[in-house]
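Following: one structure in structure tokens, then a few remarks.
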Amino acid sequence: MMKHWRYILILLVLGGQHLQAATEQDTLTVGIYHDPPFVIKTQDNGFEGLSIELWESIAKAEQLPFKYELNSDFIGILKKLEYRDIDLTINPMDVNAARIAKFDMTQPYFISSIGVAIPLLNRSPLAVFISNIFSLAFFKIILLLILVIFVFGFFLWLVERKHNKFQFRPGLWGLFDGLWWSAVTMTTVGYGDKAPKSNLGKTIAVIWMFTAVIIISSFTAGIASTLTITGLQTDIKSAEDIRLAKKVSAVGATSGETYLEQEDIPVSSTYASPILALRALAKKDNDVLLYDHTILQYYINRLSLDEKVKLLPFTLKENYQSFMLPKHHPNFDVINVGLMKEIQKEQWQELQRKYDVKGK
């Protein structure tokens, strides 16, 4: 009789172990990393955020048991998904052809965009104008302009000094006559007090007149650009405008860095996190920062950088973002359908307002 009860006890123990193993096997491992406002690690080692609340609503509705596994960054998550060490990640992952070929990606639930941040210059327009007037760039433009005037004035004086001695005198004073003619002609003032008489001199004059029209237009644009280079922060609307900045920065291995590489714009600095990048921008170590618009806005508010950093009111490129699972995951359809149901509810809009985000 004792042996009989012993067998029953062993079966119960083994059955409990099998049940526990089956339960653990059915529990989904959700890989996450700290990525506000989507995934936020709280002080009590819990998690909150836009993606966290969205996922937990899906898991509750579809009755999916799960556990979170915290990772340092998205690179570690990608490796674990590839080796099937985790079942999915709920951090927003950009949808692209390479990832679709390698992983299962759900219906996009958020549309992000590349934001452009610049240091906020607490100076008046007059102070900016005066500082640029005495800048090295402005001085170089003026020197180049004087050099061109000197070259054409010198050649005309060299030709006319023998044929027109009264207007283009010999010696040093005659050289100044040539410079005066060159400057007056370029600016189209046309006093008429000095004019070439020889055929060669007239030929030089005609060449200089047409050349001066092109040069004066180019120099005017160059001077205007130099005088207002600091004010360009509100005129950056495309990659071409960003090229005017001397120091362009990005967070490493992100869509912002990829965008700069595709547009062949040199990246002067890359940072491991948006916090480091924004702090460097606030100290004016860089002129422009490209990163996810939503996350930039979140950190500018969170770090109280409103008076030091400005997020420009436009974006450069849209990225669709999804949950990501290993290829052919058995729970993909359930999770994907559950996600589509949740983002169609009014609660999803309320959730975005709660975390003060809105997909671009």
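The values are calculated or read from the model by the stated rules, or taken from the named source; none is laboratory data. None of these values were measured; they are calculated from a predicted model. Quick reminder, even Gly has a Cβ in these numbers, built from the backbone with ideal geometry, and neighbours come from all protein chains shown. Remember, those area values only see protein heavy atoms, side chains included, never the ligands or the DNA or RNA. Shrake-Rupley method; radii C 1.70, N 1.55, O 1.52, S 1.80 Å.
For the list (1) in a helix (DSSP H, G or I); (2) surrounded by fewer than 19 Cβ atoms within 10 Å (Cβ to Cβ); (3) out of contact with any Phe, Trp or Tyr (no Cβ under 8 Å at 6 or more places or on another chain), I need the number of the one condition that residue 201 fails.
Among (1) in a helix (DSSP H, G or I); (2) surrounded by fewer than 19 Cβ atoms within 10 Å (Cβ to Cβ); (3) out of contact with any Phe, Trp or Tyr (no Cβ under 8 Å at 6 or more places or on another chain), the lone unmet condition for residue 201 is (2).
So, residue 184, is that one closer than 19 Å to residue 214 by Cα, hydrophobic (A, V, I, L, M, F, W, C), in a helix (DSSP H, G or I) and touching a residue at least 60 places away in the same chain (Cβ under 8 Å) or not?
no
If a residue has to be part of a loop (DSSP other than H, G, I, E, B), touching a residue at least 12 places away in the same chain (Cβ under 8 Å) and open to solvent by 30 Å² or more (accessible area, probe 1.4 Å) to count, how many in segment 158-181 make the cut?
Adding up the residues that qualify gives 3.
Could you list, in sequence order, the residues of segment 261-293 that are open to solvent by less than 10 Å² (accessible area, probe 1.4 Å) and either within 21 Å of residue 92 (Cβ to Cβ) or without any contact (Cβ under 8 Å) to a residue 24 or more places away in the chain (or both)?
Within segment 261-293, 277, 278, 289, 290 qualify.
Taking only pairs six or more apart or across chains, which ones have beta-carbon atoms under 8 Å, a first residue in segment 74-89 that is more than 24 Å from residue 107 (Cβ to Cβ) and touching a residue at least 40 places away in the same chain (Cβ under 8 Å), and a second residue that is aromatic (Phe, Trp, Tyr) and surrounded by fewer than 20 Cβ atoms within 10 Å (Cβ to Cβ)?
Close Cβ pairs satisfying both conditions: 76/33.
Could you list all residues from segment 240-252 that are open to solvent by 60 Å² or more (accessible area, probe 1.4 Å) and either touching a residue at least 40 places away in the same chain (Cβ under 8 Å) or in a loop (DSSP other than H, G, I, E, B) (or both)? I'd like the intermediate steps shown before the answer.
Within segment 240-252, the first condition is being open to solvent by 60 Å² or more (accessible area, probe 1.4 Å), and the residues that meet it are 240, 243-244, 246-247.
Residues satisfying the conditions are 243, 244, 246, 247.
Could we say that residue 315 is touching a Pro at 6+ places or on another chain (Cβ under 8 Å) and either assigned to a strand (DSSP E or B) or β-branched (Val, Ile, Thr) (or both) here? Show your work before the answer.
On the way: touching a Pro at 6+ places or on another chain (Cβ under 8 Å): no; either assigned to a strand (DSSP E or B) or β-branched (Val, Ile, Thr) (or both): yes.
The answer is no for residue 315.
For segment 295-326, enumerate the residues that are open to solvent by 60 Å² or more (accessible area, probe 1.4 Å) and more than 18 Å from residue 40 (Cβ to Cβ).
Within segment 295-326, 306, 307, 308, 310, 313, 317, 318, 320 meet the criteria.
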